[in-house]
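Read through the structure below, which is laid out as structure tokens, and then see the notes.
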């Protein structure tokens, strides 16, 4: 094992997910962010990219990237969390492939993206379950696949490639009568170039529409679009100093696809305070994540001498 590999192993990255206690209005208006972090004892895994699957009186279920160290790549897992204590009760692996998986974006048949699902999953049009679909990041495969998922049984099935191109953290959104896909190209995933695609129902594929360039590295998506006071908000990653450094919330002008930043959110975790790169809400629950490194003092020394 080389010295560089040994050092990297000693300073592995770690993520954890948490629940933002503030209202969306407080967040938009600049209030200090309060987060309750998940408590767990998994030493061989860390969790990031949270999306809220369901909320009950006692539990919150999430779909996340679980980076499992023994295989050195991410997989999609379902976390069941106690709503009162934030203790992780169960971790169920949902999807594991030979290639890295992350960013398990959730699409529901009864949502504004229902037309996209109806175009793809014609056989289950009248079924009550599954009504959940997943569009995970799997850039290493060279495709963007959509999966049907049954939350009760944890059964998952690959349905269709909606884009035969390697992209990162793709997020669809319906604007007026059209469905668009926002993502970054795999060759420059954390940079300043945003790609927008448009859904073509006839061939069940997204077609390239346009490229948008920013002055900062703020192109990459960090979660689902959402509306605030009739304004469409795009959560993104700020990657100026490193991948996943912060989250930005951008007001979106849908007439010409221009963006205005309204808030930038940094990690508030007491030790994992290097970055934050996810922002999602569902059923009144807002989730985020936080990045840190093992033995941070080693990284500081290496960075001082430009060794990392």
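Please work out how much length the chain gains when fully extended from residue 215 to residue 25, using 0.36 nm per residue of separation minus the C-alpha to C-alpha distance, in nm with one decimal.
Value of the extension gain: 65.7 nm.
Give the Rg/Rh ratio for region 64-152, taking Rg as the radius of gyration of the Cα atoms and Rh as the Kirkwood radius, to two decimals.
Taking Rh as the inverse mean 1/r over Cα pairs, Rg/Rh reads 1.01.
Based on DSSP H runs of at least 4 residues, each adding -39500 (n - 2.57), what is the mean residue ellipticity at 222 nm of the chain after dividing by all its residues, to the nearest 500 deg cm²/dmol?
The helix contribution divided over the chain gives -2500 deg cm²/dmol.
List the relative contact order of the chain as a percent without decimals, with contacts defined as Cα pairs under 8 Å and 6+ residues apart.
Relative contact order of the chain: 15 percent.
Kirkwood Rh over alpha-carbon pairs of the chain, then Stokes-Einstein at 37 °C and 0.692 mPa s: what D in µm² s⁻¹, rounded to an integer?
165 µm²/s
Using a Förster radius of 45 Å, what is the FRET efficiency between residue 198 and residue 271 based on their Cβ-Cβ separation? Nearest 0.05, please.
Plugging the Cβ-Cβ distance into 1/(1 + (r/R0)^6) gives 0.55.
Wrap a convex hull around the Cα atoms of region 74-209, take a quarter of its surface area, and give that in square nanometres.
Dividing the Cα hull surface by four gives the mean projection, 9.7 nm².
Compute the FRET efficiency between residue 154 and residue 175 as 1/(1 + (r/R0)^6), taking r as their Cβ-Cβ distance and R0 = 22 Å, and round to the nearest 0.05.
The pair residue 154/residue 175 has a calculated efficiency of 0.10.
Just grab the label-to-label distance for residue 242 and residue 34, each label 7 Å out from Cα along the Cβ direction, in nm (one decimal).
Spacing of the two 7 Å Cα→Cβ label points: 2.9 nm.
Hey, fewest Cβ within 10 Å first, where do 160, 245, 40 land in order?
Listed from fewest to most nearby Cβ atoms, that is 160, 40, 245.
All of the numbers you see were taken from the coordinates with simple rules; none came from a lab. Since this is a predicted model, take the numbers as computed values, not measurements. Cβ: placed from backbone, ideal geometry, glycine included. Neighbour counts: every protein chain shown.
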